[in-house]
1. Summing +1 for each Lys or Arg and -1 for each Asp or Glu, what net charge is found among the other residues whose Cβ lies under 10 Å from the Cβ of LYS13?
2. Near the amide H of SER2, under 5 Å away, which other amide H atoms are found, from residues 5 or more places off or on another chain, if H is placed in the peptide plane?
3. Just to be sure I understand: if I project the alpha-carbon convex hull of the chain onto a plane and average over all orientations, what area do I get in nm²?
4. Only Cα pairs under 8 Å and at least 6 apart count here; give the relative contact order of the chain as a rounded whole percent.
5. Using θ = phi - 60° and the Karplus form 6.51 cos²θ - 1.76 cosθ + 1.60, what ³J(HN,Hα) does each residue of region 40-46 get, whole Hz, x for Gly and Pro?
6. Count the lysine pairs in the chain whose Cα atoms sit under 17 Å apart, keeping only pairs 8 or more residues apart in sequence or on different chains.
7. Quote to one decimal, in nm, the extra length available between GLN42 and LEU89 on full extension: 0.36 nm per residue of separation minus the C-alpha distance between them.
8. Take the alpha carbon gyration tensor of region 1-69, find the square roots of its eigenvalues, order them as a ≥ b ≥ c, and report rounded if a/c is under 1.5; if not, report prolate when a/b exceeds b/c, else oblate.
Amino acid sequence: MSKVSFEAIGGEKGQCLSHAYARVSLQNGVKGEGEQFIIEPQASGLVALVCLGAEVGKYLSHANREVWLQSGIQGEGELWRLLDQGDDLVALECVGGEQGMFLTHAFGIVGLQNGVQGDGERWIKITATPHK
């Protein structure tokens, strides 16, 4: 398994999805493990995003139409569909009750957006060193 980071494009270019200090936000660049995840394969081609560092054991969650960190996989709220958007870009689609919503960084705020509206729902997936 590899460590990955998700860098925003468009107006937030250079900012990365962060889980540092148990808070989901954007961080200028990759400062450490707070901006890195492990992509954990799940059934039916879905994935879970596992936090590293101080938030180890927590997962990126989209339950109840909010984005936060959840201890362990509680259900579909911690599962995502990782979609290739071409040109090394990906989009993260929710499943379950939020199906059709995507992880967004538009206007500098991490949240959920209905569909892929533009660059705000696209991320550059950066693979780091292998995780052991």
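Please treat every number below as a calculation from the coordinates, not as lab data. Keep in mind that what you see is a predicted model, and the values were worked out from it rather than measured. Note that we place each Cβ from the backbone using ideal geometry, even for glycine, and neighbour counts take in every protein chain shown.
1. Neighbourhood net charge equals -3.
2. Residues meeting the criterion, in which the H sits 1.01 Å from N, are ILE39, HIS131.
3. Seen from a random direction, the Cα hull of the chain projects 7.3 nm² on average.
4. Relative CO of the chain lands at 26 percent.
5. The phi angles translate into 9, x, 10, 5, 6, x, 7 Hz.
6. The result is 7.
7. Taking GLN42 through LEU89 to full extension adds about 14.8 nm, to one decimal.
8. Cα axes put region 1-69 in the rounded bin.
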